[in-house]
Amino acid sequence: MAMVESAPAVIEVDLAVTPLRELNAALHRVSGDDRGSWRVLNPRGAHAVAVGVDAPLEIDVEGHVGYYCAGMNKQATVRVHGNAGVGLAENMMSGTVVVEGNASQSAGATGRGGLLVVRGSAAARCGISMKGVDIVVHGSVGHMSAFMAQKGCLVVCGDAGEALGDSIYESHLYVRGSVAGLGADCIEKEMGEHHVAELSDLLERAEAGFEASEFRRYGSARTLYNFDVDNAGAY
Amino acid sequence: MTADAHRSGAGPPAPSRTALREGAIFDRRVIAEIQRAANEGIYDIRGFGAKRPVPHFDDLLFLGASVSRYPLEGYRERCDSDVVLGARNAEKPLHLKIPITIAGMSFGALSAPAKEALGRGASAVGTCTTTGDGGMTPEERGHSQLLVYQLLPSRYGMNPDDLRKADAIEIVVGQGAKPGGGGMLLGQKISDRVAEMRDLPKGIDQRSACRHPDWTGPDDMEIKIGELREITDWQKPIFVKIGGSRPYYDTALAVKAGADVVVLDGMQGGTAATQEVFIEHVGIPTLSAIPPAVESLKELGMHRKVQLVVSGGIRSGADVAKALALGADAVSIGVAALIALGDNAPELADEYAQIGSAPGFYDDWHEGRDPAGISTQDDELAARFDPALGGRRLANFLRTMTLETQTLARACGKSHVHNLEPEDLVALTIEAAAMARVPLAGTSWVPGLSD
Amino acid sequence: MALGGHLAEMLLQLGDRGPDSAGLAIYRDRVPSGSTKVTLHSADPRQDWDRVHSALDAGMGAGALEVRASHAVVVVDTDAETATSWLSERFPELRVMSAGEAIEIYKEAGLPREFVERFDLASMSGTHGLGHTRMATESKVTTDGSHPFSTGLDLCLVHNGSLSNHNRLREQLRAEGIEFQTLNDTEVAAGYLTWRLREGASLEAALEGCLEDLDGFYTFAVGTVDGFAVLRDPIACKPAVMAETDEWVAMASEYRAIAVLPGADDARMWEPEPGTVYSWERQPV
């Protein structure tokens, strides 16, 4: 594999020349506490870029990526300097994933930890089935976002599409702009002090220059937790 | 009207007695179910697989050796039973000593000791177990020499470490009991441990997704398979599990999407908890699902290159041998494995009676009150189940099935169970003949093919 | 690079997700009104195209016939209906792939990279085009089952997804006089659009009708004489990516198909909203 060290600590991999499989294999071979810096060039919409990483690496992807970039990420900080396709950081466990542009559907799907930041907008199903990841979107999110969201926070600085939080469990949703519609069992809720603290912390870490007071909180009404025939219409 | 009025001759004559007659359409069971629904306002949920009779392997018979064909002697003349799953792309395919695997059943649906027992039994005979909708437990990974890790729509417990610890990965599109449905676990089984593994609040009913969250359709599944391979450095076979529905197309699409193994689960396949109407009225019998799947593999030139594992009502070596004869590479057992562990044991008749059931009938696995300690999360009940004993029982059952399979294969002159072929079979009924695409016994008639 | 070359590059990027067949509708060399350009397909590898051409020329007047692999394009001096009726009588073994003033539809079973080579896409110039790679869900892998489907003069449809009510709809459309060659779900959607347009609906209304009358999962792209339209179903599980520069506008199922276009790095990118008709038209210069 052609790897060029262009600065003392940066490992560069050019996907125009190096097969994806070698990039991912190399990323998997580093030791579990390696803090090295990597640059991935010419992704050109490739899928599964930097998936399954398990080390506190700094990975910069220069360009647009396809599906599942940074899938199942652990510990690493992955920055996409472009747009991301479907399932960005799906099932991420920890670490940070940032996309400078937009993210396609199912961004952060089933994520279990860490922080996902979308500096542009995310499309439908952002945070679907999230299980502990925190997601901050500087722009807007599409319909069915936070569908069946179990744990973790989704912060939307722009607007949210239809059916926000449909069938939600215990995730916290914060939206600054308009909400086109709420999903089954999702309601607006009061912002307590700990919510403000939680939201402020996320906004700061995501470098989103807004105040917690500009947001409204949404979450589960918990009426679907145990079946009651009178709620049958919601199913 | 009083007896006096009757004796006096006034009033209508006494009604004559006719025999009680049960209707075939509105039988006792149907009447009771309508009454229950009127009481409760919710569909009936239960475990187990389809209970009504459908054409199955019992409707097929083997043509043993005679004058034109010669059998193999037992013992000395080998009849091998090994199978390799997943050599198409993976660096480390699964080498199994027997063509019978343990199907995916979740920790959550089953108790932890039950999962441990499955691992012990499977490992004792050289085959694999499969996780379920809830993730991988240390007990199962610790006791299963070979473990297949499921990727389901829910993604409960999914993580890359377990993905890498697994020996194979099974993408679950659906299961035979409910093709098109998602997992189900009711509040009484969401214990602390289950809740933690699934990231759910304790004691609530788990609602389930029926589609995967980050892909829909075979073209996008192909990309998902690519991601899983990249995460695991192309080491592990990727299985795709489908419920019996449109097996011809589903098999072709699984192959085109890159599957190394197709797992096909017919409507008789069990479940821990699903709506009764789903179990009984969606999906096709296992027997009818196999030939279209095999046809699809052959058309793509992939028969024996992409392996076909069949499940849904596999109960004995006869079923194993027949599935193999129809073109499967291996079979998988679920309900049968639980019964071997001790589910529905006659010794527990009193306990079953206390919860309104009886040995041989118990299917309320969703309630989590199993006196055998298998389909429960209750610590006290689960503690009654001895995983070492359960493991031995399962190993016994697997060995018995293997011996039975080999017996039948030898009788057909085969030195390897994979050499069983459709021409070794005939059918007892027209339906079975049409579905299995083998002739009606004593004739050369295959309805629909040789017409 | 000619338009066909760009479309070829895009098709190759989507070969993995669609290995069964490939097709292209390209809009080019617009013919004067009164004439019709017809694209024909023959299943016979030794088709005598000269005979076809002579007969057409004698029957109605025809320009030179251009053969491309199993297809041939010819401009005839009459309207489309006359031409296609005549052809179905005189040459029933030939399939009319498309008819109109500018459109040419080519499609075949087989790998996309074979299609690109056999049909020499790189040599084709044009104003706009729609390509498709297919992974057949429930119908056979045949030429007829491939996309794009013609839905009228200078109109075509490509589809990603799987419909669920197409069998009943096919029957209803047959009763309205629409004909079908396959059991393909997309062909039904194409037939639906043809029918709505025939009954006087605008393309936009016909596409909006899809939201009411079609069930299932779909991202549709429709080619028109002056541009194209895109529609995603209300659930919008199947992907769609749009990209726009000062020079071009493009749509694809995946970004990597757009990545091969010149200037793609700086293109404005977005995703179409579900249940919304988008359309683009070239302005005459």
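Below, the figures for the structure above:
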{"quantity": "Calculated FRET efficiency for the pair A:ALA26/B:ASP161, C-beta based, R₀ 25 Å, to 0.05", "calculated": "0.80"}
{"quantity": "Neighbour cut-off at most 16 other Cβ (10 Å), DSSP loop, trypsin sites (Lys or Arg not before Pro), segment A:151-235", "calculated": "A:ARG222"}
{"quantity": "Residue order, fewest to most beta carbons within 10 Å, for C:SER253, B:SER444", "calculated": "B:SER444, C:SER253"}
{"quantity": "Hull volume in cubic angstrom per residue (convex hull over the Cα atoms of chain A)", "calculated": "116 Å³"}
{"quantity": "Other protein chain Cβ atoms within 10 Å, averaged over every residue that makes up A:59-68", "calculated": "5"}
{"quantity": "Separation of alpha-carbon centers, segment A:60-129 and segment B:102-116, rounded to whole Å", "calculated": "33 Å"}
{"quantity": "Spacing of the two label points (7 Å from each Cα toward its C-beta) at C:ASP213 and C:THR84, in nm", "calculated": "1.7 nm"}
{"quantity": "Sequence-distant residues sharing a close amide H with B:ILE45 (under 5 Å, placed H)", "calculated": "B:GLU276"}
{"quantity": "Mean separation of Cα contacts under 8 Å (6+ apart) over length of segment C:144-207, as relative contact order %", "calculated": "33 percent"}
{"quantity": "Per-residue ³J(HN,Hα) for segment B:177-192, Karplus 6.51 cos²θ - 1.76 cosθ + 1.60, θ = phi - 60°, Hz, x for Gly and Pro", "calculated": "5, 7, x, x, x, x, x, 8, 8, 8, x, 5, 10, 8, 6, 3"}
{"quantity": "Sequence-distant aspartates and glutamates (8 or more away, or on other chains) whose Cα lies within less than 20 Å of A:LYS189", "calculated": "A:ASP134, A:ASP159, A:GLU162, A:ASP166, A:GLU170, A:GLU198, A:ASP201, A:GLU211, A:GLU214"}
{"quantity": "Average Cα contact separation per residue, chain C, under 8 Å, 6 or more apart, as relative contact order %", "calculated": "20 percent"}
{"quantity": "Cα-projected label distance for B:LYS305 with B:THR443, points at 7 Å along beta-carbon direction, nm", "calculated": "3.8 nm"}
{"quantity": "Directionally averaged shadow of segment B:301-451, computed from the convex hull of its alpha-carbon atoms, nm²", "calculated": "12.1 nm²"}
{"quantity": "Pairwise label distance in nanometres, B:SER415 with B:VAL84, each label 7 Å out on the Cα-Cβ vector", "calculated": "1.9 nm"}
{"quantity": "Set of aspartates and glutamates with alpha-carbon distance to C:LYS107 below 12 Å, sequence-local pairs under 8 removed", "calculated": "C:ASP20, C:ASP144"}
{"quantity": "J(HN,Hα) series, segment B:363-373, from Karplus relation 6.51 cos²θ - 1.76 cosθ + 1.60, nearest Hz, glycine and proline x", "calculated": "9, 7, 5, 5, 6, x, 10, 4, x, 7, x"}
{"quantity": "Stokes-Einstein D for segment A:70-144, Kirkwood Rh over Cα pairs, 37 °C, 0.692 mPa s (µm²/s)", "calculated": "294 µm²/s"}
{"quantity": "Amide H partners (placed H, <5 Å) of B:HIS303, local residues excluded", "calculated": "B:LYS298"}
{"quantity": "Over segment B:46-436: Rg over Rh, Cα atoms, Kirkwood Rh", "calculated": "0.95"}
{"quantity": "Rounded, prolate or oblate (a/c below 1.5 giving rounded, otherwise prolate when a/b exceeds b/c) for segment C:99-213 by Cα gyration tensor", "calculated": "oblate"}
{"quantity": "Over chain B, relative contact order from alpha-carbon pairs under 8 Å, at least 6 apart, %", "calculated": "22 percent"}
{"quantity": "Sites A:ARG35 and B:ASP192 - FRET efficiency at Förster radius 45 Å, r taken between beta-carbons, to 0.05", "calculated": "0.80"}
{"quantity": "Compactness index (Cα Rg / 2.2 N^0.38 Å), the protein assembly as shown", "calculated": "1.03"}
{"quantity": "Amide hydrogen neighbours beyond the local backbone of A:ARG39, cut-off 5 Å, H modeled", "calculated": "A:ILE11, A:GLU12, A:VAL13, A:ASP60"}
{"quantity": "Cα coordinate range in chain C, projected on the principal axes (Å, largest first)", "calculated": "51, 45, 37"}
{"quantity": "At R0 = 35 Å, FRET efficiency that the Cβ-Cβ distance of C:MET1 and C:ARG268 yields, to 0.05", "calculated": "0.95"}
{"quantity": "Backbone N within segment B:112-145 under 14 Å of label point (7 Å from B:ARG399 Cα along the Cβ vector)", "calculated": "B:121-127"}
{"quantity": "Pairs from A:LYS131/B:LYS51; B:LYS97/B:LYS241; C:LYS37/C:LYS238; B:LYS115/B:LYS189; B:LYS189/B:LYS236 whose Cα-Cα separation, in the structure shown, is over 25 Å", "calculated": "A:LYS131/B:LYS51; C:LYS37/C:LYS238; B:LYS189/B:LYS236"}
{"quantity": "Estimated 222 nm signal from helices in chain C, with DSSP H stretches of n ≥ 4 weighted -39500 (n - 2.57), rounded to 500", "calculated": "-8500 deg cm²/dmol"}
{"quantity": "Added length on full extension, which subtracts the Cα-Cα distance from 0.36 nm per residue, B:ALA19 to B:GLU431", "calculated": "144.9 nm"}
{"quantity": "Partner chain coverage, peptide C:250-262 - average Cβ within 10 angstrom", "calculated": "4"}
{"quantity": "Shielding by partners, peptide C:92-105 (average Cβ within 10 angstrom, other chains)", "calculated": "0"}
{"quantity": "Sequence of B:HIS303, A:HIS194, B:HIS212 once ranked by neighbouring C-beta atoms within 10 Å, starting from the fewest", "calculated": "A:HIS194, B:HIS303, B:HIS212"}
{"quantity": "Taking B:LEU63, B:LEU449, B:LEU72, B:LEU146 and counting other C-beta atoms within 10 Å, the order from fewest to most", "calculated": "B:LEU449, B:LEU63, B:LEU72, B:LEU146"}
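Read-outs: derived from the displayed coordinates by stated rules, not from any lab. These figures come from a predicted structure and were not determined experimentally. Note that each Cβ is placed from the backbone with ideal geometry, even for glycine, and that neighbours are counted across all protein chains shown.
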